[in-house]
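The values are calculated or read from the model by the stated rules, or taken from the named source; none is laboratory data. Small disclaimer: the values here were computed from a predicted structure and weren't measured. Counting neighbours? That spans all protein chains shown, and the Cβs are built from the backbone with ideal geometry, glycine included. In case anyone asks, the SASA skips ligands and DNA or RNA and just uses the protein heavy atoms, side chains included. Shrake-Rupley method; radii C 1.70, N 1.55, O 1.52, S 1.80 Å.
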Amino acid sequence: MASDRPVAAASSTAPIDQTPEWRALEEHHRTIADRHLRDLLAEPGREDWSVIDLPGVHADLAKHRADAETIRLLVELAQRAGLPERIEAMFAGEAINTTENRSVLHVALRAERGSTIEVDGRDVVADVHEVLDRMGRFSNEVRAGTWRGATGEPIRAVVNIGIGGSDLGPAMATRALSAWCDPGRIHRFVSNVDGAAIHEALADLDPATTLVVVASKTFTTSETLANARAARRWCVEALGEEAVARHFVAVSTNEAEVAAFGIDPDNMFGFWDWVGGRYSLDSAIGLSVMIAIGPDAFGEMLAGMRRIDEHVRTAPLDRNLPALMGLLGIWYTNFFGASSHAVLPYAEELARFPAYLQQLEMESNGKSVTLDGERVGWATGPIVWGEPGTNGQHAFFQLLHQGTQLVPADFIGVIEPNHPLLDQHDLLVANLFAQTEALAVGRTAEEVRAEGVDDELVPHKVFDGNRPTTTLLLDRLTPATLGALVALYEHKVFTQATVWGINAFDQWGVELGKVLAGRIAPELDPSSPEPTGHDPSTTRLIERYRRRADPSPD
Ligand code: F6P
């Protein structure tokens, strides 16, 4: 436990929406709400504040309904909320996850070997590198084929079993870095408790050449344990009990539960309570990724994250990309009333990035009480969603362009693709640029009329424009730029949580459903006592399911 870890208080004592900085933004919003991006984009000197170049990442914030004054006022709001102090408190290992009395040190997972970050007087960076070294040795053995299965064959398939942060990050990164993956090995990710998932994942695999990575911070998550038990049965039926030691490894903080499950703690890669599940990609939870891309490339991903960590700590807030991404999100959520935020990767390999961000952002900032337990008087985390471009253009972009909701969006593209089809890549990038231009500039009735469109069709063909976007252009999608992207969003989330005064690092909201599922599961057995204590609708559903062998109503 971390009871002696100090906690930095946010510097604002008044509720954030009662501060002069918030009021100044409300006032400023009135002046900017009627201004169109067509005019804002033409402002001289706009690129001075709106373009930020970091290693491998070019960020264009120009297409935001903001000007230099907006940025100044947002930065003042962040100062009022104590953002620089809170960032330092996180890096110093203070127990800023107050409801769980824990430090929040995903930044220590990518700290340089030899640097020092202490938790309860212990240098955690040394521990981190010890685990990274063990992961590296193990990954190299699997990759080289010197780690042999029970029948002496090398591993040809790796199945990661985990859910939430123990699945989304590794699955996203393995997909994103497919160009770095050894083509001779299959990588699969199983998360859903739906038996179809593990059944399909194992159906065409050979237990003798399959390694199962059971990834669970707590090692008590019912979905993961159910899937792991199914995989264990599949392995043991084919190869016998003693094969488990060659075909199962665990990634967890909970050695006792790993041992109780029947995985030798020698085959366990550990991490710590100060790593949140959704912030754990760069911990041992990334073992599947490391096996897929190799320890060197994994190290490059950590280096990409580290560069953003240095940036967030050292760049002034008005040039601090994750801080600005967070603050602009606040601008739309709290001053324009936007309730969702789209993330649109124009890179097929980033197909799982929106799903990964959904957990990172929504599990972190989907809160309605402040750190002090008071109900917030302002909106917090928006709904995050998205799909890769150009697919989304043929599905939901209609609403982005002409719907009644304001949906700020992040467009993520790459300059140099990881495939040789350059003409298609030009087309992809043209679409990305075209969409952000169309969303910003739109098309007026006069422009539509000038094209000879019939009067009655004109309103249907008008694009209001004035729809804000961020463009993040990566030089190339590499382990380093992927790491940078992940760290940018992690710090964006922290920026927002700091201003909103909420705890981005707990997730009490997932508990109730888990508890009720635990109660309902035995009640589904028709021979168990009748369900009690549920609302009438839930009781009816349980009873209908209990009658599954005899579905007639009476
Ligand atoms: O859904 C809640 C949650 O606790 C997430 O925060 C976490 O990433 C996921 O479940 C999986 O937890 P674990 O890694 O302990 O199995």
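Some values worked out for this structure:
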read-out	value
Stokes-Einstein translational diffusion, segment 236-315 - Kirkwood Rh over all Cα pairs, 1.002 mPa s, 20 °C, in µm²/s	146 µm²/s
For segment 334-357 and segment 149-168, distance of Cα centres in Å	29 Å
Shape parameters for segment 301-397, alpha-carbon atoms, Rg then Dmax in Å	15.5, 45
Along principal axes, Cα extents of segment 97-240, largest first, whole Å	48, 35, 31
Rule-of-thumb Rg ratio for segment 96-147 [Cα; 2.2 N^0.38 Å; N residues]	1.47
Principal-axis tilt of helix 321-330 within the chain, Cα atoms, nearest 10 degrees	70 degrees
Over segment 16-108, relative contact order from alpha-carbon pairs under 8 Å, at least 6 apart, %	23 percent
Largest to smallest accessible area among I415, I96, I163 [probe 1.4 Å]	I415, I163, I96
Whole-Å distance, taken between Cα centres, linking segment 104-128 and segment 60-95	25 Å
Cα centroid separation, segment 211-241 to segment 401-418 (Å)	39 Å
Cα shape, segment 441-532, gyration tensor, a/c 1.5 rule	oblate
Computed accessible area, V407, all protein chains, 1.4 angstrom probe, square angstrom	20 Å²
Charge dipole magnitude, Cβ of K and R +1, D and E -1 - the chain, Cα centre, debye nearest 20	540 debye
Kirkwood hydrodynamic radius of segment 320-366, Cα pairs, Å	11.9 Å
T146, T98, ranked by accessible area, largest first (probe 1.4 Å)	T146, T98
For segment 178-183, Karplus couplings with θ = phi - 60° (6.51, -1.76, 1.60), whole Hz, Gly/Pro x	4, 5, 9, 7, 5, x
Under the Karplus curve 6.51 cos²θ - 1.76 cosθ + 1.60, θ = phi - 60°, whole-Hz ³J(HN,Hα) for segment 524-531, x wherever Gly or Pro sits	6, 6, x, 8, 7, x, 3, x
In nm, spacing of pseudo-spin labels at A144 and A549 (7 Å Cα→C-beta vector)	5.7 nm
Evaluated over segment 128-167, the Cα radius of gyration and Dmax, each in Å	12.4, 33
Mean Cα-pair separation over length for the chain, i.e. relative contact order, pairs under 8 Å, 6 or more apart, %	18 percent
Under 5 Å, built H, 5+ apart or other chain: amide partners of I383	S340, H341
Residues whose placed amide H lies under 5 Å from that of I186, excluding near-sequence neighbours	A157, V158
Ordering of 283-290, 175-182 by burial proxy (mean other Cβ atoms within 10 Å per residue, highest first)	283-290, 175-182
Expected 222 nm ellipticity per residue - DSSP helices of 4 or more, -39500 (n - 2.57), all of the chain, to 500	-13000 deg cm²/dmol
Separation of the A259 and R23 label points, Cα + 7 Å toward Cβ, nm	6.1 nm
Under the Karplus curve 6.51 cos²θ - 1.76 cosθ + 1.60, θ = phi - 60°, whole-Hz ³J(HN,Hα) for segment 532-539, x wherever Gly or Pro sits	9, x, 9, 5, x, 5, 5, 4
Packing-based order for 239-247, 536-544, 480-488, using average beta carbon neighbours within 10 Å, highest first	480-488, 239-247, 536-544
Surface share of carbon and sulfur [accessible, 1.4 angstrom probe, percent] for the chain	52 percent
Solvent-accessible heavy-atom area per residue, rounded to whole Å², over the chain at 1.4 Å	42 Å²
Net length gained if the chain between Q402 and E416 were fully extended (0.36 nm per residue, minus Cα distance)	1.9 nm
Solvent-accessible surface (1.4 angstrom probe) belonging to R156, in square angstrom, nearest 10	110 Å²
Principal-axis tilt of helix 511-523 within the chain, Cα atoms, nearest 10 degrees	40 degrees
Cα-Cα separations in segment 169-221 greater than 12 Å, expressed as whole percent	73 percent
More than 36 Å apart - percent of Cα-Cα pairs taken over the chain	40 percent
